Amino acid sequence: MHEFLTAIQSGAPGDEIAAIPLPDTYRAAFVSRDEVDMFDGLASEDKDPRKSLHVGDVAVPELAPDEASIAVMASSINFNTVWTSIFEPLPTFGFLDRLGKESTWGSRHALPYHVVGSDASGVVLRTGSAVRNWKPGDRVTVHCNYVDDQSPSSHDDSILADNQRIWGFETNFGGLADLAVVKANQLMPKPRHLSWEEAAVNALCNSTSYRMLVSKNGAAMQQGDRVLVWGASGGLGAYAVQYVLNGGGIPVGVVSSPGKAELLHDLGVEAVIDRKEAGYKFWKDEHTQDESEWRRLGKDIRKLVGDDVDIVFEHPGRQTMGASVFAAKRGGVIMTCAATSGYMIEYDNRHLWMKLKTIKGSHFANYREAWDANQLVCEGKILPALSAVHTLEHVGDAAYQVHKNLHEGKIGVLCLAPEEGLGIDDPELRAQVGEDRITLFRRHGA
Ligand code: NAP
């Protein structure tokens with residue numbers, strides 16, 4: 001891949017990049033099929049991604065007609081890489097095997113190793129014969145909605161496709177590597193004012209938050225809406241609060257430390273709750289929730305923003321869902337896309353039906369939503385949440401940070417990019433958006 005890197009760094013045109021031979025192997029972060037039992041008997045928090053994530057050479061796969069291979073300059077850690085690396089709730093090899101049975105091209109994915117990673121920024125190296133809109137040399141980011149466009153179910157809202165998958169989680173050849181293979185309909189233009197690592201961290205979390213809050217498929221937030229955002233300085237939350245602010249809403253950000261509260265204030269979020277300081281105990285014990293604690297949260301929210309919230313941006317799951325359903329206003333919406341603390345959820349249904357609330361599920365985004373969310377990054381209206389940068393060799397440490405909730409925003413991973421700060425093609429736009437704003441999370445994380 002070294003020749004590609006030299007060409008990319010010297011600004012070589014696409015035909016020169018297309019003429020460089022592809023290597024037989026590439027460096028990648030992967031988990032191994034023969035290690036899926038390695039953490040048996042351990043509690044989730046004791047399962048260590050540093051033990052299960054390996055970095056080594058794997059074979060370059062053949063390219064299908066609707067695919068592109070890209071040189072990955074940078075990638076990021078998403079929580080799905082944590083799930084894959086602790087083999088929870090299931091080892092992801094089952095997903096690969098199912099894809100393997102679907103078609104001849106699908107069978108490439110069922111391998112003894114799973115190359116993980118669902119974000120990337122980089123440069124197109126090759127395109128399959130059916131690819132129309134992209135060519136070698138294009139600078140791109142990648143969204144992770146992996147959709148078979150031959151299925152009728154994918155032609156209204158593609159995330160509803162019956163065989164929809166998340167690239168790098170339910171498929172192989174993901175982004176935490178020097179090379180990745182993606183469908184051409186995952187590609188989007190790289191924001192020209194951002195470095196490779198700043199550009200790499202947005203697509204998964206930014207698109208998910210966009211669909212949950214902005215899209216008509218989500219909460220379709222209105223100006224003036226009050227929105228409770230759990231984990232407001234985390235991967236999803238960092239984009240969610242920006243969408244609330246941009247859309248004329250009033251975010252109430254929940255975090256767990258004074259440092260994270262300060263970061264949110266610097267981002268423009270006035271109403272912040274430090275859940276550790278408040279000491280909420282929504283569960284009295286493993287089986288019983290405490291409604292008086294839900295009420296205390298509701299009171300704290302009203303004290304900060306004058307009313308109950310129209311929307312709850314929910315993803316912690318079991319620990320918070322009872323409180324989230326309670327805290328939403330009459331007629332309000334609880335948007336949920338995850339359950340980090342447990343997926344068997346309990347809430348008091350009386351609060352839901354008597355107050356005509358809605359719980360609405362959401363999962364990533366369709367290509368249109370991901371594209372529109374990426375466009376907002378390209379225009380400098382959504383800022384990258386990059387707070388720390390690791391090299392690919394230290395991908396296990398990076399995943400460990402996210403697993404242990406030791407991070408803010410997003411952790412970037414340098415793949416082919418030899419150092420931070422490279423790949424900025426539009427310094428004028430960068431100056432216009434503001435270096436201080438673009439690097440806000442990075443400075444906090446430093
Ligand atoms: P993240 O960067 O780890 O941020 C999550 C934040 O949630 C943490 O920073 C933490 O913030 C807060 N949190 C964690 N446990 C909590 C608890 N018990 N109670 C209250 N808050 C808690 O992760 P992320 O990228 O935002 O992802 C969050 C979840 O969404 C993960 O489970 C991920 O797999 C899922 N996800 C789903 C989709 C989808 O398309 N369905 C997309 C992206 C992510 P504080 O400690 O500061 O409160």
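Name the residue, out of 217, 246, 202, whose mean-square fluctuation peaks in a Gaussian network model built on the chain with Cα pairs under 10 Å. Greatest mean-square fluctuation among the candidates belongs to 246.
In a reduced charge model with +1 at each Lys and Arg Cβ and -1 at each Asp and Glu Cβ, the chain shows a dipole moment near 1320 debye about its Cα centre.
Extension gain for the segment residue 406 to residue 363, taken as residue separation times 0.36 nm less the Cα-Cα distance, is 13.0 nm to one decimal. Rounded to the nearest whole Hz, the Karplus-based 3J(HN,Hα) values (6.51 cos²θ - 1.76 cosθ + 1.60, θ = phi - 60°) of the range 78-91 follow the sequence 10, 5, 5, 5, 5, 4, 4, 6, 9, 6, 10, x, 9, x, with x at glycine and proline.
Here the Karplus curve 6.51 cos²θ - 1.76 cosθ + 1.60, taken at θ = phi - 60°, turns the phi angles of the range 311-322 into couplings of 9, 10, 9, 10, 8, x, x, 3, 5, 10, 4, x Hz, with x standing for Gly and Pro. Note on the range 68-188: semi-axes of the ellipsoid equivalent to its C-alpha gyration tensor, largest first and rounded to whole Å, are 21, 18, 13. Normalised by 2.2 N^0.38 Å, where N is the number of residues, the alpha-carbon radius of gyration of the chain equals 0.96.
Amide H to amide H distances under 5 Å link residue 144 with no residue, where only residues 5 or more positions off or on other chains count and H is placed in the peptide plane. Length gained on full extension, residue 155 to residue 348, computed as 0.36 nm times the residue gap minus the Cα-Cα distance: 65.8 nm.
Rg over Rh for the range 135-249 works out to 0.99, using Cα positions for both radii and the Kirkwood form for Rh. Applying the criteria of a DSSP loop state and at most 14 other Cβ atoms within 10 Å to the trypsin sites (Lys or Arg not before Pro) of the range 143-228 yields 216.
Amide H to amide H distances under 5 Å link residue 73 with 121, 122, 123, 416, where only residues 5 or more positions off or on other chains count and H is placed in the peptide plane.
Taking a ≥ b ≥ c as the square roots of the eigenvalues of the Cα gyration tensor of the range 263-411, is the shape rounded (a/c under 1.5), prolate (a/b larger than b/c) or oblate? Judged from the Cα gyration tensor, the range 263-411 comes out prolate (a/c at least 1.5, a/b above b/c).
On the basis of the beta-carbon distance and an R0 of 45 Å, residue 9 and residue 44 show a calculated FRET efficiency of 0.65. The GluC sites (Glu not before Pro) found in the range 348-426 that occupy coil by DSSP, while having at most 12 further C-beta atoms within 10 Å, are 379, 419. Of all the options 199, 28, 339, the one that moves most in a Gaussian network model of the chain with Cα springs shorter than 10 angstrom is 339. Accessible surface area normalised per residue over the range 1-120 is 44 Å², counting heavy atoms of protein chains with a 1.4 Å rolling probe. Assuming R0 = 35 Å, can you tell me the calculated FRET efficiency for the pair residue 443 and residue 371, based on Cβ-Cβ distance, to the nearest 0.05? FRET efficiency, residue 443 to residue 371: 0.75.
Distant-in-sequence amide contacts of residue 231, defined by a placed amide H-H separation under 5 Å and a gap of 5 or more residues or a different chain, comprise 254. Taken over the alpha carbons of the range 275-340 as equal point scatterers, the Debye sum produces base-10 log I(q)/I(0) values at 0.15 Å⁻¹ of -0.45. Per residue, the chain reaches -8500 deg cm²/dmol at 222 nm when only DSSP H runs of four or more residues are counted, each adding -39500 (n - 2.57).
Skip the ligands, DNA and RNA, and give the accessible area per residue of the range 219-361 with a 1.4 Å probe, whole Å².
Working: 6460 Å² over 143 residues.
Accessible area per residue, the range 219-361: 45 Å².
Here the chain exposes an accessible surface that is 50 percent carbon and sulfur, computed with a 1.4 Å probe and the other protein chains kept in place. Can you give the log10 of the normalised intensity I(q)/I(0) at q = 0.17, 0.23 Å⁻¹, computed with Debye over equal Cα scatterers of the range 1-105? Per q value, in the given order, log10 I(q)/I(0) is -0.98, -1.30.
DSSP beta bridges confined to the range 219-361 are antiparallel in about 10 percent of cases.
Longer than 28 Å from Cα to Cα, which of 216/299; 276/410; 183/410 are they? Say none if no pair is.
216/299, as the Cα separations exceed 28 Å there.
So in the chain, what percent of DSSP beta bridges are antiparallel if you round to the nearest 5? Mind dumping the intermediate values first?
Values: 35 of 60 bridges.
Among the beta bridges of the chain, antiparallel pairing accounts for roughly 60 percent.
Karplus-based coupling profile of the range 288-304, in residue order and whole Hz: 10, 8, 10, 4, 5, 6, 4, 4, 5, 4, x, 5, 4, 5, 5, 5, 7, with θ = phi - 60° in 6.51 cos²θ - 1.76 cosθ + 1.60 and x standing for Gly or Pro. Taking trypsin sites (Lys or Arg not before Pro) across the range 66-108, the ones in a DSSP loop with at most 12 further Cβ atoms lying within 10 angstrom of their Cβ are 101.
The values are calculated or read from the model by the stated rules, or taken from the named source; none is laboratory data. These numbers were taken from a predicted model, which means no experiment stands behind them. No Cβ is skipped: glycine too gets one built from the backbone with ideal geometry, and neighbour counts run over all protein chains shown. The area values use the complete protein model at the heavy-atom level, side chains included, leaving out ligands, DNA and RNA. Shrake-Rupley method; radii C 1.70, N 1.55, O 1.52, S 1.80 Å.
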